[in-house]
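Every number here is computed from the coordinates shown, using simple stated rules; none is lab data. What you see is a predicted model, and the numbers here were worked out from it, not measured in a lab. In this analysis, Cβ positions are derived from the backbone assuming ideal geometry, glycine residues included, and neighbour counts consider all displayed protein chains.
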Amino acid sequence: MNKKGAPSAGTPVQIEPVVEAPLRGRRRDPAVDTAILEAAIAVIAEVGYERMTMDMVALRAKAGKAAAYRRWKSKAHLVIDAVAHLKRTQVDLDALPDTGTLRGDLLGLFKPASAREGEQKMRVMAGLASVLSQHPELAAAGNAAIVDPWVNANLRLMQRALARGEVRADANIDVASQLVPSMAAYRALIQRKPFELQFLTQAVDCLLLPALGIVPAVPRAPAKTTKASTKVSPASS
């Protein structure tokens, strides 16, 4: 130590540990988050995005308006997260189908919905379309909410198929995994049509599997018998 009190060369410097100040306020309750998100889905389905208000959502969730605004700065941001919450409940990366074939796994992702559930989803997606048209800066968040969960699921199924040698080794599964989810988003947001099993099957069989080098083993319908072939010739009678 020199005369001025500064440490001399070679003397280790002792650094006092920094003690962080405790966070103030109550912790965010995940149960309240879920209640608000599910309430937002219900309100959008009932009245649409334009008529939806944060007050209506808070009332449905039995939460204070301040609680909603502490979490989301606008109803547009709330709708984005509500749709993301809805999608997360539809696909579970830890419980994906495992049928032994990529085709079976992809079709196994489809979960039939009742007419009421289908109508609710369509109205929620219409609300999201309104958000994105009015707030283009939220496009990336919208894509993350409705497309990314399904892309991740498709990619994981394709990685499994690649590992067992079902998919062509040079197939671009990163791009292929985006095909069906992107088509589904276009169908819901732009065409305002439901995503049905028939549409998924056609997309998988006609586009996705051939792109990965897989020929789907789909049973063909029997050939129609012509009238000429059913006639009995006079010689045989």
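General remarks:
- Highest to lowest packing among 190-203, 155-168, scored as the average C-beta count within 10 Å: 155-168, 190-203
- Positive-end residue of LEU59, LEU209, PHE195, charge dipole of the range 30-211 with Cβ unit charges: LEU59
- Other residues with beta-carbon under 12 Å from the beta-carbon of ARG160 carry, at +1 per Lys or Arg and -1 per Asp or Glu, a net charge of -1.
- Whether the range 158-221 is rounded, prolate or oblate, judged on the alpha carbon gyration tensor where a/c under 1.5 counts as rounded: oblate
- Derived scalar couplings between HN and Hα for the range 57-73 equal 5, 4, 5, 5, 7, 6, 10, x, 4, 4, 5, 5, 6, 5, 9, 9, 7 Hz in order, rounded to whole Hz, by the Karplus curve 6.51 cos²θ - 1.76 cosθ + 1.60 (θ = phi - 60°), x for Gly and Pro.
- Backbone amide hydrogens, once placed in the peptide plane, bring PHE195 within less than 5 Å of nothing, excluding anything fewer than 5 places away on its chain.
- Zone residues, the range 171-193, relative to LEU93, backbone N less than 13 Å from point 7 Å out along Cα-to-Cβ: none
- Taking a Cβ cut-off of under 13 Å around PHE199, the surrounding Lys, Arg, Asp and Glu residues balance to a net charge of 0, with basic ones at +1 and acidic ones at -1.
- Spatially close Lys pairs in the range 30-211, defined by Cα atoms under 29 Å apart and a spacing of eight or more places or different chains, total 20.
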